[in-house]
Amino acid sequence: MTRREAILDAATRLFSEKGFKDTSIAELATTTGVAEGTIFYHFKSKEDLLLQILEGIKVDILREFDRYIEARPAKRGLDQVQDALLFYLYLAGQMDSQFLLLQSHYLYRLADTNGECRTHLEAIFNCLVDIFEQAVLLGRSDGSIADVPARKAALLLFTMVDGLVRFKNYGLYDASALVAELIASSVRMLQQQEKEGRSRS
């Protein structure tokens, strides 16, 4: 691991655990075993360091989901939705510091004034929502999912699974106890219109 990578790794952990504002460059230097000047050699400022972390998170998530898309066998859209929900939970567990950082309020305040931050966040979340939308569209075409608005359904799926990740990250609830219900609720939502149509006929 290079010094730059070590700084990024340590900063990700510290920012996610302590918060951006409560993490000092001095503490980061001590944690990584480098001089403060070395940090500023690689990054223009503390905010620039945060933006570079976001860029790395975006690249990592896109890479992992690209692998997921390429590796998954041909299935019905509804099955792909369920796989995507489970994979999202798996990925959040593997990248727990990164996902915790993505859920910090500071990032969204920064995005209001920093276009680069907003661009990174939009790319990350669009990538995640796109996975669900593609599965919903496939399900609509193969008949496993009712004729629901694909983007809205994808946003709801993302909101539900990301909420579960927040429960886990903040220790608010045993998230694993809700996984089965998350899957079942998603299936009911995506097939509801179809069932309603059958009940009326």
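Where a number appears in this text, it was derived from the coordinates with a stated rule and is not lab data. Worth saying up front: this structure is predicted, and the values here are computed from it rather than measured. Here Cβ is always computed from backbone atoms with ideal geometry, including for glycine, and neighbour counts include all displayed protein chains.
Quick notes on this one:
- Spin-label pair residue 96-residue 48: with each label point 7 Å from Cα along the Cα-Cβ axis, the two points sit 3.3 nm from one another.
- Sites residue 191 and residue 137, calculated FRET efficiency, Cβ-Cβ separation with R0 22 Å, nearest 0.05: 0.90
- Under the span-like rule (Cα at least 27 Å along the axis, Kyte-Doolittle mean at least -0.5), DSSP H helices of the chain: 46-71, 115-142, 150-169
- Calculated FRET efficiency for the pair residue 127/residue 27, C-beta based, R₀ 41 Å, to 0.05: 0.85
- Taking label points 7 Å from Cα along the Cα-to-Cβ direction, residue 4 and residue 66 give a separation of 1.9 nm.
- The alpha carbons of the chain give a radius of gyration and a Dmax of 19.6, 73 Å, in that order.
- Two-site label geometry, residue 113 and residue 147: point separation in nm, points 7 Å out along Cα→Cβ: 4.9
- Taking Cα centre as origin and charging only the Cβ of basic (Lys, Arg, +1) and acidic (Asp, Glu, -1) residues, the dipole magnitude of the chain rounds to 400 debye.
- Inter-centroid distance (Cα atoms) of segment 10-67 relative to segment 151-174, Å: 25
- With Cα atoms as the point set, the radius of gyration and Dmax of segment 1-43 evaluate to 9.4, 26 Å.
- Gain in span if fully extended, residue 104 to residue 170, counting 0.36 nm per residue against the direct Cα distance: 22.7 nm
- On the basis of the beta-carbon distance and an R0 of 45 Å, residue 184 and residue 17 show a calculated FRET efficiency of 0.85.
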